[in-house]
Amino acid sequence: DAGITQSPRHKVTETGTPVTLRCHQTENHRYMYWYRQDPGHGLRLIHYSYGVKDTDKGEVSDGYSVSRSKTEDFLLTLESATSSQTSVYFCAISEGQGGNTEAFFGQGTRLTVV
Amino acid sequence: AQRVTQPEKLLSVFKGAPVELKCNYSYSGSPELFWYVQYSRQRLQLLLRHISRESIKGFTADLNKGETSFHLKKPFAQEEDSAMYYCALSGLGNTPLVFGKGTRLSVIA
């Protein structure tokens, strides 16, 4: 498996509280991504990063922010968690983008907002 | 806009039967297409990409630009093929992967 770890693996939090999920890689890949996986919706991109301090929004970015202060770490923050953010969150990394590039995924973080 | 459609949520086939997982896409340029697979209790992983034109675990997929499709096929399904399959697209400018909603394949012994 590619060197990518997510923490925590499971979390239960209350509505309105801030939550931060961490993605850590040891592959020195340039690109990092946060997706959420929901039944009936598949994987949807939240935010992604194309370098240190370089990030961009994805399809479902409302209510989420990210930070990447160093190559190996990409943090996803839910500023004020809502029940609609209950989901499984996946981090992914890639050296580049496009046809010859493979994305490697973390094990996922199951977040429950009660 | 980029869009990937997988019309089947669940596909059940008998062991040894042919499998076809459908994927259609919407994109104005020349896309890069992929199939990713998630086996039970494992990470999502790349199965194959159209640019490689390879066969992985007996699976193949051909990009049909006229029909905007990238269906995944295998002539003889095996029980170990049971998994969640996602079709994904990367567009011009090497944009992030856009995924379909996924199809769960269940191979019945």
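In the range A:1-42, which residue that is out of contact with any Ser or Thr (no Cβ under 6 Å at 6 or more places or on another chain), at pLDDT 95 or above and among the hydrophobic types (A, V, I, L, M, F, W, C) is nearest to residue B:42 (Cα to Cα)? The selected residue is A:4.
Residue A:50: aromatic (Phe, Trp, Tyr) and open to solvent by 30 Å² or more (accessible area, probe 1.4 Å), yes or no?
Yes.
What is the number of the single condition among (1) touching a residue at least 24 places away in the same chain (Cβ under 8 Å); (2) open to solvent by less than 20 Å² (accessible area, probe 1.4 Å) that residue A:36 does not meet? It fails just one condition, (2).
Under the condition of being part of a strand (DSSP E or B) and either open to solvent by 50 Å² or more (accessible area, probe 1.4 Å) or without any contact (Cβ under 8 Å) to a residue 24 or more places away in the chain (or both), the residues counted in the range A:55-105 number 9. Of the strands (runs of 3 or more DSSP E) that lie entirely inside the range B:42-109, those containing 3 or more residues that are more than 10 Å from every other protein chain (Cβ to nearest Cβ) span B:72-74, B:83-90, B:103-108.
Here's the yes/no breakdown for (1) within 14 Å of chain B (Cβ to nearest Cβ); (2) polar (S, T, N, Q):
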residue: A:56; (1), (2): yes, no
residue: A:78; (1), (2): no, no
residue: A:82; (1), (2): no, yes
residue: A:96; (1), (2): yes, no
residue: A:105; (1), (2): yes, no
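Checked against the criteria, residue B:65 does not count as open to solvent by less than 30 Å² (accessible area, probe 1.4 Å), of a type outside the set (S, T, N, Q), more than 22 Å from residue A:37 (Cβ to Cβ) and without any contact (Cβ under 8 Å) to a residue 60 or more places away in the chain.
Of all the numbered requirements in (1) of a type outside the set (D, E, K, R); (2) in contact (Cβ under 8 Å) with a residue 24 or more places away in the chain; (3) surrounded by 13 or more Cβ atoms within 10 Å (Cβ to Cβ); (4) within 21 Å of residue A:92 (Cβ to Cβ), residue B:77 misses one, and that requirement is (4).
The values are calculated or read from the model by the stated rules, or taken from the named source; none is laboratory data. Here the structure is a predicted model, which means the values were calculated and not measured. Note that each Cβ is placed from the backbone with ideal geometry, even for glycine, and that neighbours are counted across all protein chains shown. What goes into the accessible areas is simple: the full protein's heavy atoms, side chains included, and nothing from ligands, DNA or RNA. Shrake-Rupley method; radii C 1.70, N 1.55, O 1.52, S 1.80 Å.
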